[in-house]
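Undergrad: Before anything else, here's the structure in question.
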Amino acid sequence: VLRRTPVLLEHNVDDPLVLIERGRGLRDTLRGFGAQVEWREYTTGGHWLHQPEGVDDVVRFLNGVVLGKGVGGGEGQGGGEQSQPAADAGAMELS
């Protein structure tokens, strides 16, 4: 089941409650079990969503998974930048 479940993990480097190393560790552990993990790492945002890029990434991910519009995939670091451009990066529509 885990291998067929898309996972989006987002983490802020400046999170004071859950250190970035813990997020990276979870990412690596899930990948070790065969999960298809999409990782987003942002420089700021504390223990909250990095806005607006983090929210945009969630919408893009859900559009891809739920509506089949394609998931950009890969890893992103710093300020919401992505290693691969997303197909509908600017789209905010869920329907």
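Rundown of residues vs (1) assigned to a helix (DSSP H, G or I); (2) modelled with pLDDT under 95; (3) farther than 25 Å from Gly64 by Cβ; (4) of a type in the set (A, V, I, L, M, F, W, C), yes/no style:
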| position | (1), (2), (3), (4) |
| --- | --- |
| His11 | no, no, no, no |
| Arg22 | yes, no, yes, no |
| Arg27 | yes, no, no, no |
| Val37 | no, no, no, yes |
| Arg40 | no, no, no, no |
| Leu49 | no, yes, no, yes |
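Undergrad: Is there any pair with a first residue in segment 28-39 that is more than 8 Å from Arg3 (Cα to Cα) and a second that is loosely packed, with under 13 Cβ neighbours inside 10 Å whose Cβ atoms are under 8 Å apart and which are 6 or more apart or on different chains, and what are they?
TA: Sorted first by the residue in segment 28-39, then by its partner, the pairs are Leu30/Leu2.
The values are calculated or read from the model by the stated rules, or taken from the named source; none is laboratory data. No experiment lies behind these values; they were computed from the predicted model shown. Because the Cβ atoms are built from the backbone with ideal geometry, glycine has one as well, and the counts that use them run over all protein chains shown.
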